Every structure is written in C-alpha cells, then in structure tokens.
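The values are calculated or read from the model by the stated rules, or taken from the named source; none is laboratory data. This one's a predicted model, so the numbers in the text were calculated from it and none came from an experiment. So basically every Cβ, Gly included, is an ideal-geometry build from the backbone, and we count neighbours across all protein chains shown. Surface areas here come from the heavy atoms of the whole protein model, side chains and all, with no ligands, DNA or RNA. Shrake-Rupley method; radii C 1.70, N 1.55, O 1.52, S 1.80 Å.
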Amino acid sequence: VGVSNYGSDAVRAVSKTLSARGIPLLSNQIQYSLAYPFANSNGLKKTCDDLGVKILAYSPLGLGLLSGKYSLANPPKGPRKKLAESFFSQPASAELLAAIAAVQKKHDASPTQVAINWCRAKGAVPIPGCRTLKQVTQNYASLDWSCDASDMAALDAAAAKLAPLVEKAGFPEKDINTGLKMFDS
C-alpha cells in the first residue's frame, strides 16, 4: 500500500494500522526535490526512513525550475510563473543553481541529472515528468553516475537555505476526524 502527501503523523498512524493487519506501508508520494527539500527539515523523510517507507519524489526537477530552462528573466508560463519568480528572486536560489552547476560540470551531466541523482542519493525514487524523447534519454542517463558525499554536502547546504515556495498547501493540514497532522511536506 502506498499513500500520497501524508505528513509524519499520518504516515506513523497508517503504518501502525496497516501493520496490525499484516500489511506494510510501502511508499509515500510527496513533492521532494532540491527546490523543495522540506521533508528533510520537518522530519517527514526521517519518519519514512525509520518506518521503511520509500519516498516517491514527484516533481524532482522542482516543477522544471532546476532544469536550466528557466530563470527570473525567462520564467515558465502559466501557474508556475509565480513560483518561478518566488524561487529565482531568492538569493539562496543562485547559490543552489551554482552548486548544481558545479556537480553538473564535475560529472559532465545536465542539471536535470543532478536533481534526479540528488533524490536517488537520498533514497527516494524520483518520478520526473517527460514530454520529449530527449528528456527521457537525458533522465535515463542520470543512472550512469551517482552523487558522491561532497556533491551531496554542497547540494544539501545550498538547498537548506531556500524558503518554501508556497505558504499553504492545497491539502487539509489536519484530519477532521482524528486531528492528526496529515500534510507537512
């Protein structure tokens, strides 16, 4: 059984309930990327790791913001434009993009490959979206190498300085029946 967008309290509760029935909780699909690393600081990643729940990282390219395709001067169109402006206007985003560029250069890789490999190194299963064969090929090539400890230290340090891109999630924070904190990623 897997869940999506469950916070630490909800993951613990559903894992306990399923376990009592002999059913393991296998995965929690959450937004998780270098642009949105907050499961690291709010305890959700640790909860999942402690319980053996695999994180399925949706949007590992940070809604495309880590792809190298966009900038403050060239934001995406549509609803991601406001997020891009918020992201690229943070001084911390420049530091993160510089860290990505350094790892990219070291491994002769693309920014998307760095972002995917960061997720893999965190033990998550990245599920990037692809619209073209070139993107599929580029994402697949991320399996040809892995981030080392120095890469991870530089990327983690830079990502930790980012402010959240959204103030409120589109999900209820607490379950109306149990009062459990459902969403905190």
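Before moving on, here are some points about what is shown:
- Under 5 Å between amide hydrogens, built in the peptide plane, is the criterion, and for VAL3 it picks out SER27, ASN28, GLN29 among residues at least 5 positions away or on other chains.
- Cα-centre dipole for the chain with unit charges at Cβ (Lys and Arg positive, Asp and Glu negative), debye to 20: 440 debye
- Percent accessible area from carbon and sulfur atoms, the chain, protein chains only, probe 1.4 Å: 57 percent
- With kT/(6 pi eta Rh) evaluated at 37 °C and eta = 0.692 mPa s, and Rh the Kirkwood radius from Cα pairs, the chain diffuses with a coefficient of 192 µm²/s according to Stokes-Einstein.
- Charged-residue dipole, Cβ positions (Lys, Arg, Asp, Glu), segment 1-75 about Cα centre, Debye nearest 20: 100 debye
- Surface accessible to a 1.4 Å probe, per residue, for the residues of the chain, Å²: 53 Å²
- Amide H to amide H, with H built 1.01 Å from N, LYS174 comes under 5 Å of MET182, counting only residues 5 or more places away or on other chains.
- Label-point gap, in nm, between ALA157 and LEU143 - each point 7 angstrom along Cα→Cβ: 3.3 nm
- Per-peptide average of other Cβ atoms within 10 Å, ordering 132-141, 114-123, 156-165 highest first: 114-123, 156-165, 132-141
- Lysines whose Cα lies under 22 Å from that of LYS77, excluding same-chain neighbours fewer than 8 positions away: LYS69, LYS134, LYS168
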